[in-house]
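Below you'll find the structure, written out as structure tokens, and then a few comments.
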Amino acid sequence: ADDLSAPQAPGSTRADADDALADHLAGMATAMAIGLVATTGFGEEGEAAAIDQADSPEEAAARSELQSIVRDTIAGLPQEEAELVRRHYLAGERFDRVAQDLGLSKSWASRLHTRAMGRLTKRLRGL
């Protein structure tokens, strides 16, 4: 039988799991929002491809404002994080190529990315 009076390990409660999931989903939403303001993408072979953004004037104005907010928020990140996010999401470069260009292992770049998404999520929530 389970001993319900035994202390639980840190992070093992349902509330902790819910908080961790909420943080993870917020980071994913931030990454998706950043990707939505990108104007250039790259195909499977690394070729540049324009993203079609046939917006109404109102949608174009809203997109422009969002792009400005996202770019300013990214600019507030530490330099390495900002470059990683900017090149991957806004310039559409492959993550592994950006990491290699920055002299980072894919694992370390992934950690920087996670940290950057957390910072961006907090800052964008505060707007």
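Residue count for the range 79-106 under the criterion of being of a type in the set (Lys, Arg) and open to solvent by less than 50 Å² (accessible area, probe 1.4 Å): the result is 1. Report yes if Ala109 is surrounded by fewer than 16 Cβ atoms within 10 Å (Cβ to Cβ), among the aliphatic types (A, V, I, L, M), out of contact with any His (no Cβ under 6 Å at 6 or more places or on another chain) and farther than 22 Å from Asp19 by Cβ, otherwise no. Taking the combined requirement at face value, the residue does not satisfy it. Number of residues in the range 1-24 that are open to solvent by 80 Å² or more (accessible area, probe 1.4 Å) and modelled with pLDDT under 70 equals 8.
Take the residues of the range 41-58 that are open to solvent by less than 50 Å² (accessible area, probe 1.4 Å) and touching a strand residue (DSSP E or B) at 6+ places or on another chain (Cβ under 7 Å): which is modelled with the highest pLDDT? The extreme case among them is Gly43.
Assess whether Ala38 counts as being over 23 Å from Ser110 (Cβ atoms), of a type in the set (A, V, I, L, M) and modelled with pLDDT under 75. It is false that Ala38 is over 23 Å from Ser110 (Cβ atoms), of a type in the set (A, V, I, L, M) and modelled with pLDDT under 75.
The values are calculated or read from the model by the stated rules, or taken from the named source; none is laboratory data. In this text, all values refer to a predicted model and were calculated from it rather than measured experimentally. FYI the Cβ positions are ideal-geometry reconstructions off the backbone, even for glycines, and counts take in every protein chain you see. Calculation scope for accessible area: heavy atoms of the full protein, side chains included, ligands and nucleic acids excluded. Shrake-Rupley method; radii C 1.70, N 1.55, O 1.52, S 1.80 Å.
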